[in-house]
Each structure stands twice: as structure tokens, then as C-alpha cells.
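**Q** One structure, pasted below without further comment.
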Amino acid sequence: MSGSRQRLSERDVETLRRALVRAVARVCPAELADRRDDLVQASLLRLADRWRPAGGEGKDGLSSFYLVKVAYSTLIDELRCLRRRREVPLEDGSAAMSLPASEPLPDATAQGHEIGRAIHLCLGELGRPRRLAVMLYLQGHSVRQAAALLGWTYKRTENLVYRGLANLRDCLSARGLSP
Amino acid sequence: MKADAAVERLRRLLVAAADRAASSPSCPPAEALWAAAGGELTVEERRRLVDHTASCPACARDWRLAVAVAGELRRASRRRWLRRGLGVAATVLVAIGLSSYLPAPSASRPPVYRTVQGAGEGLVVDDQQASRDDCVLQWSGPPGLAYDLIVLDSDLRLVASARGLEEPRFRVPAERLAGLPPGSLLYARVVVPASSPGRRLASQTFTIRID
Ligand SMILES: [Zn+2]
């Protein structure tokens, strides 16, 4: 499993590139639309010395957990560099507090962005178990997945998610937000 | 518990929070997020990282990205594997494929694999069925490896474990399952320990329902 012996075929690289592009498109659709390919390309370039020039399967190919982790990590590094240049601090700003609750709240707008940040702030006010369970649930994990990741039973996790979501809604309402 | 429209809305708004969010020097390395989202590390380390994502929109996005990359590669693997035919000892991309092996009722009939190919995107693959009297777990991975296996019940109590398995299969002793109620869930995970930290193979966590 040594990193230096692992090789990717051209087909592996193409599979990995497509997977990274799709993942970035799903997770960061609006903001990075114009940079998506560049970011992925930059992360793959760091794997260049592990490419196998001719066709065919690499010895380890994409079965190499290590190489996929490297690709992911370099992608995140690129993303972090990009964002560092235009940092927005997370703090309890007045913008979120002053949003009119009665109007529709478009997700991909400044309003959606501010409410999203208010969600993070409200999560910080929950007790830790509820916060962890709700966070994973809002990240798209099922209750069963969250239970496995957090080391709790299904029942306990389900209960934490249910109560935590209610707390979260109360917190957002108290801030004048009703998403 | 099904996510309703209100939850979907909260999820979209959480995604929106990551727009232009920057990471800070206190953010964990990407490798740690990848490992935690994949169910590696200790439970407390995973909790600590999830806690960080709750306060950090940038790392929350990076976590989602880890899940998405793993999901995309799994889909690509599924397509490739399906082309080769089910039951072949192919290697899954990110995870070692783990399947519940249903023994053939007679020697003349080939074994039937309940593969994980139809599994969803999650890091836990749900509900394969197995008989408590004949619960054989079988998985696939690169040749020449020794596998560690751990099987837990739904309260995360140890049901069975094994180290250094040279064959990619393990029979859960029937006596270890005797006290479990019908329909109980087991969680199983296969790991190939590595000589250096951070370079190991690990399967997804699979749930197996015992009859
Ligand atoms: Zn962070």
C-alpha cells in the first residue's frame, strides 16, 4: 500500500476527474461553476507522477484508497486557497437578524447565505449531542448513518435529530427567520 | 424518519452558508475530514470533527464534498463492476466491497451474492439479510491482504471480531447471534491495516439484518 508504488491508468484518472467534477458541481454549484475544471485539474496534477502513461489498468488503480484521499485533499487545499482570498467571517451579524421573515427566501442569494449562517449560529446553541445529530442529518446523512458515525443507537439518534430540529426552528424564529 | 420539505429547505440553506466561506488555521486537515466522513478514526474524533463542521461552513462544505466524491466513485465503480458481471471479485474504488454471502442450498448451484451494487450514496449500506444459523460475510478486495473484521449489534456492542483473515470471508458464530431478537441489525466493517498511519483500506459500514 505504499504511495510510491501506486499507479493510476489514464482511465482511472479520467474516472477520478469526472467524479471530482461531479462532486464539486453538486456541492458547490453556483460559486465555482467557472472554476470547477481548473480546481479538479490542479488537484489531479499533484497525482501526475503516479499516472501510468500507457493505457490499461494501473496496478492499484482507483482501488487505492490512499490515492483517492490524496485527490480529495488536494482539491480541498485548492478550494481553501481560493476562498482565503475572499474571506467572510462567521459572526452573529445584524444582516441575518433584519431579514423580513414573511418574504420568500431564495437559497442561492445573499439572503439564503445569511440564513444558512444563522443555522450554523443556532446549531452552536444546541446541546452537543443534538448539535452533532442534527448537523449530520442536515448534511444529508440518514439517521442510521448518523448513528453509526456518532456511535449512538438508532433510537437515540432519531430522538436527538427530532428534538434538535425543533430547537433549531425555535432559534431561527427567535431571530426573525422562518425558513 | 423521512426528511420533509422543511428539512430539505434547511439543507439547501446550510449549503448556501458555505458560499464564500473561508477556512481558518484552526480547521482540521482535509485528510481528517475525509477519514471521519468515511467512518474512520475513533468515535470521539469523529464527533469532534462533526462539531467543528457545525460551526464552520467551509468545513461543512468539505465534509459534503468528501461524501459526494465517495458517492461518485462508488457509482463509477458500480458501472464498471456491473460491466464485468456480478459476483466477480472486483475491487470497489473507495471501499472494499462487502457482501452478505448466502450459501448455496446445494453443491450444484452456484453461490448467490447479495451485492452492495444497488446501495445508495450513504456511508452505511443498509439492510442485507442473513440467517442467524448461517451468517457468512464475504467481501472482495485486492489479493494478498490480511483483513480485520468487526461486527457490532445496533447498540454497538461487540458481536464478533477477527484479525488477520487471509480469506475474504467470515462466519459469524451462531452462538454469538443466539441472544439477538429476530430482525436485529448488525454493523460490519472490514479494514486492511497498513504499515503506516493513514494508509489503510477500510470498507463502508454495512448493516445486516438477522432473521
Ligand atoms: Zn473549519
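The values are calculated or read from the model by the stated rules, or taken from the named source; none is laboratory data. Note that the coordinates shown come from a computational prediction; the quantities given were computed from them, not determined experimentally. Quick reminder, even Gly has a Cβ in these numbers, built from the backbone with ideal geometry, and neighbours come from all protein chains shown.
**Q** Of the residues in the stretch B:20-43, how many are more than 7 Å from chain A (Cβ to nearest Cβ) and among the hydrophobic types (A, V, I, L, M, F, W, C)? Steps first, answer last, please.
**A** We begin by selecting, within the stretch B:20-43, every residue more than 7 Å from chain A (Cβ to nearest Cβ); these are B:24-29, B:32-33, B:35-38, B:40-42.
Checking the rest, the ones that are also among the hydrophobic types (A, V, I, L, M, F, W, C) come to B:27, B:32-33, B:35-37, B:41.
Residues that pass the stated criteria total 7.
Results for (1) part of a helix (DSSP H, G or I); (2) modelled with pLDDT of 75 or more; (3) under 25 Å from A:Arg128 (Cβ atoms), shown as yes or no for each residue.
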| site | (1), (2), (3) |
| --- | --- |
| B:Arg64 | yes, yes, yes |
| B:Val69 | yes, yes, no |
| B:Arg78 | yes, no, no |
| B:Ala89 | no, no, no |
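**Q** Follow-up. Consider the stretch A:145-176. How many of its residues are surrounded by 18 or more Cβ atoms within 10 Å (Cβ to Cβ), within 19 Å of B:Arg48 (Cα to Cα) and touching a helix residue (DSSP H, G or I) at 6+ places or on another chain (Cβ under 8 Å)?
**A** 10
**Q** If I ask for residues that are more than 8 Å from every other protein chain (Cβ to nearest Cβ) and within 15 Å of the ligand (Cβ to nearest atom), which ones from the stretch B:66-75 would you list?
**A** none
**Q** Could you name every one of the helices (runs of 4 or more DSSP H) located completely within the stretch A:24-143 that has at least 2 residues being within 11 Å of chain B (Cβ to nearest Cβ) and at pLDDT 55 or above?
**A** On the way: elements: A:36-45, A:65-84, A:94-97, A:110-123, A:128-138.
Passing ranges, in order: A:36-45, A:65-84, A:110-123, A:128-138.
**Q** Further, regarding this structure: Kindly establish whether B:Ala17 is at the interface with chain A (Cβ under 7 Å from one of its Cβ atoms), of a type outside the set (Val, Ile, Thr), buried (at least 23 other Cβ atoms within 10 Å of the Cβ) and within 14 Å of the ligand (Cβ to nearest atom). Give the steps one after another, and end with the answer.
**A** Values: at the interface with chain A (Cβ under 7 Å from one of its Cβ atoms): yes; of a type outside the set (Val, Ile, Thr): yes; buried (at least 23 other Cβ atoms within 10 Å of the Cβ): yes; within 14 Å of the ligand (Cβ to nearest atom): yes.
Answer is yes for this residue.
**Q** May I ask you to list the residues in the stretch B:158-174 that are among the charged types (D, E, K, R) and free of Cβ contacts under 8 Å to residues at least 60 places away in the same chain? Break it down into steps so the answer makes sense when it comes.
**A** If we filter the stretch B:158-174 for residues that are among the charged types (D, E, K, R), which is where we start, we get B:163, B:166-167, B:169, B:171.
If the condition is that a residue be among the charged types (D, E, K, R) and free of Cβ contacts under 8 Å to residues at least 60 places away in the same chain, then B:Arg163, B:Glu166, B:Glu167, B:Arg171 are the ones that fit.
**Q** Right, something else. Can you tell me how many residues within the stretch B:20-47 are surrounded by fewer than 21 Cβ atoms within 10 Å (Cβ to Cβ), away from the ligand (no atom under 12 Å from the Cβ) and not in a helix (DSSP H, G or I)?
**A** The qualifying residues number 5.
**Q** Continuing with this model, one more query. Can you name every residue in the stretch B:48-65 that is more than 10 Å from the ligand (Cβ to nearest atom) and out of contact with any Leu (no Cβ under 8 Å at 6 or more places or on another chain)?
**A** Selection gives B:Arg48, B:Arg64.
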